[in-house]
1. Please count how many residues of the range 278-306 are crowded, with 20+ Cβ neighbours inside 10 Å and of a type in the set (Val, Ile, Thr).
2. With respect to Arg122, determine if the residue is of a type outside the set (Gly, Ala, Ser), surrounded by fewer than 20 Cβ atoms within 10 Å (Cβ to Cβ) and part of a helix (DSSP H, G or I).
3. Scan the range 344-360 and report the pairs whose first residue is closer than 13 Å to Val303 by Cα and among the aromatic types (Phe, Trp, Tyr) and whose second residue is in a strand (DSSP E or B) and at pLDDT 95 or above, with Cβ atoms within less than 9 Å and a gap of 6+ or a chain change.
4. Can you say whether Tyr275 is within 28 Å of Val184 (Cα to Cα), surrounded by 20 or more Cβ atoms within 10 Å (Cβ to Cβ) and not hydrophobic (A, V, I, L, M, F, W, C), as far as the supplied structure shows?
5. Just the residues that are of a type outside the set (A, V, I, L, M), in contact (Cβ under 8 Å) with a residue 40 or more places away in the chain and closer than 21 Å to Glu82 by Cβ, please, taken from the range 13-46.
6. It is to be established whether one or more residues within the range 234-247 are within 16 Å of the ligand (Cβ to nearest atom), among the aromatic types (Phe, Trp, Tyr) and either touching a Ser or Thr at 6+ places or on another chain (Cβ under 6 Å) or within 26 Å of Val38 (Cβ to Cβ) (or both).
7. Which of the following residues is in the same structural domain as Asp141 (by TED's automatic domain parsing), under 24 Å from His100 (Cβ atoms) and either modelled with pLDDT under 95 or in a strand (DSSP E or B) (or both): Leu230, Leu208?
8. Filtering the range 248-271 down to residues that are in contact with a Lys or Arg (Cβ under 7 Å, 6 or more places away or on another chain) and part of a loop (DSSP other than H, G, I, E, B), which residue is surrounded by the most Cβ atoms within 10 Å (Cβ to Cβ)?
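The values are calculated or read from the model by the stated rules, or taken from the named source; none is laboratory data. All figures in this text were calculated on a predicted structure; none of them were measured in a lab. Cβ: placed from backbone, ideal geometry, glycine included. Neighbour counts: every protein chain shown.
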Amino acid sequence: MGRLIIVSNRLPITVSCDGDGIELSSSSGGLATGLGAVHANSESLWVGWSGLDASASPAARRALQTQLTSRRLVEVPLSDEEVSIFYEHISNGVIWPMFHDQLERLPDVIEGWETYESVNARYADMIAACARPGDTIWIHDYQLMRVPALLRERMPDVRIGFFLHIPFPNPEIFFALPRRQWLVEGLLGADLVGFHTRRYRGHFTAALRRLLGIEMKNDVIAYGKRSVRLGYFPMGVDSATYAERAADRKVLAESARLRADRDVCLLVGIDRLDYSKGLPRRLLAFERLLTTHPEWLERIRLVQVAVPSREGLAAYQSVRRTVEELVGRINGRFGTHRWTPIRYINRSVNDTVLSALYRAADVLLVTPLRDGMNLVAKEFVASRVDGDGVLVLSEFAGAADELTRALIVNPYDVDGMSESINLALTMPRAERRERMQALREHVTKHDVSEWSETFLATLVQ
Ligand code: ADQ
């Protein structure tokens with residue numbers, strides 16, 4: 001039995017560099033935590049970029065190498081120019097908005113596909129240099145969509161799986177992408193291509209039909225001399241760890257502090273500050289609620305945590321400004337000397353605070369305009385060991401296909417969202433508990449290990 005080689009744009013670590021010294025900490029994003037357990041419990045290797053600045057000193061690089069090796073991590077070094085073109089411009093400036101249905105955010109002229117290809121080829125070279133016969137390769141996400149085909153050229157017989165963490169758009173949208181066929185052919189180098197939901201797989205098969213005239217039969221397509229399996233694997237969270245943490249003494253103390261004012265209901269939002277997460281309309285819905293239901297004045301508070309993301313891109317600076325203006329306006333308009341409606345936190349919070357927020361919330365708001373899955377919704381459910389709390393969830397998050405007992409909302413409908421928030425706040429206790437019970441059964445059963453095990457079992461079958 002060969003080893004597993006996990007491949008993602010970033011390694012699951014954050015590197016801080018101090019002169020010639022180096023410090024590594026584990027990243028806490030969805031992908032990193034999701035695959036962390038698989039990596040920890042096997043002889044796997046993990047290939048990706050460390051995030052270390054290209055200008056770091058040779059001594060710092062050597063120190064990094066030693067630490068990476070001890071964690072079975074393999075670095076693909078990227079120059080500043082490559083990061084700027086491959087990562088920021090093409091991956092985050094073109095593929096991300098397009099795959100989240102935001103066509104109007106595409107630049108007028110798209111340049112840099114050659115760099116996307118050459119960086120993907122560098123990943124393929126690195127994998128080929130590490131892999132032994134019999135190894136299984138699992139490649140992740142939209143930055144590396146050409147890697148399966150490039151690796152197939154180098155290693156025709158190796159077993160390759162690919163998982164897309166973001167949505168695959170409707171072909172009506174996808175077809176606007178200048179390099180659409182080339183990207184799809186990149187994915188078809190894999191033996192198994194996985195999506196979060198059946199719908200995204202449906203979009204992909206519709207694109208295949210129109211581009212290449214291929215039909216899927218029994219989850220498989222014939223592509224040249226090979227066959228490629230297409231599956232959907234909704235990603236879960238490490239529900240046991242969230243449940244355990246929710247009962248931790250420090251978390252309970254922090255949660256009690258958040259609930260110190262017993263007469264105030266707590267709404268919580270936790271997001272990366274990204275235009276796909278629907279923050280402006282969520283804030284407008286909250287403002288609308290305060291206007292149409294003045295009985296909530298001084299009786300509710302929204303704690304919105306928005307972790308800074310991709311700050312080099314203008315679109316992200318712009319959504320940040322919009323959010324900050326809305327928070328300022330709403331707080332100025334409704335706040336009193338003893339009450340501030342929105343508490344806005346523009347940074348990442350640690351695990352204790354995150355769990356305390358999940359635990360303390362009366363209502364969690366997850367209202368993306370489009371989201372591959374959304375792990376925050378599932379982390380919240382996993383944390384509610386008390387069986388209480390209401391999840392308000394966008395119908396355009398992948399999670400909505402599974403979490404059907406949440407209060408499902410249309411994130412473009414500000415009035416409707418505000419009424420749903422009111423419904424969540426006034427929901428009878430018995431209904432809250434019955435809904436949460438159903439959500440918890442699902443999230444506990446379908447956790448992240450089930451996700452990785454099912455994907456890998458399908459890949460080797
Ligand atoms: P993301 O867009 O990053 O992931 P999400 O699934 O919500 O979105 O995962 C975010 C992770 O970061 C969660 O684990 C959350 O706890 C953490 N996080 C978010 N804000 C935080 C904050 N302020 N402080 C601390 N931690 C914070 C992409 C896709 C998703 C898909 C995942 C996994 O866009 O649709 O669900 O990958 O496939």
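1. Within the range 278-306, residues that are crowded, with 20+ Cβ neighbours inside 10 Å and of a type in the set (Val, Ile, Thr) number 2.
2. For Arg122, the condition - of a type outside the set (Gly, Ala, Ser), surrounded by fewer than 20 Cβ atoms within 10 Å (Cβ to Cβ) and part of a helix (DSSP H, G or I) - is met.
3. Close Cβ pairs (under 9 Å, with a partner that is in a strand (DSSP E or B) and at pLDDT 95 or above) amount to Tyr344/Leu302; Tyr344/Val303; Tyr344/Gln304; Tyr344/Val305; Tyr344/Ala306; Tyr358/Val268; Tyr358/Ile270; Tyr358/Leu364.
4. Values: within 28 Å of Val184 (Cα to Cα): yes; surrounded by 20 or more Cβ atoms within 10 Å (Cβ to Cβ): yes; not hydrophobic (A, V, I, L, M, F, W, C): yes.
Yes: the conditions hold for Tyr275.
5. Residues of the range 13-46 that are of a type outside the set (A, V, I, L, M), as a first pass: 14, 16-21, 23, 25-30, 33-34, 36, 39, 41-44, 46.
Subsequent filtering for residues that are in contact (Cβ under 8 Å) with a residue 40 or more places away in the chain retains 17, 19-21, 28, 30, 33-34, 43-44, 46.
Correct list: Cys17, Trp46.
6. Within the range 234-247, the first condition is being within 16 Å of the ligand (Cβ to nearest atom), and the residues that meet it are 234-246.
From the residues that got through so far, the ones that are among the aromatic types (Phe, Trp, Tyr) too are 242.
Subset that is either touching a Ser or Thr at 6+ places or on another chain (Cβ under 6 Å) or within 26 Å of Val38 (Cβ to Cβ) (or both): 242.
Yes - at least one qualifying residue is present in the range 234-247.
7. On the way: Leu208 fails: either modelled with pLDDT under 95 or in a strand (DSSP E or B) (or both).
Just a single option satisfies the conditions, and that option is Leu230.
8. My answer is Val264.
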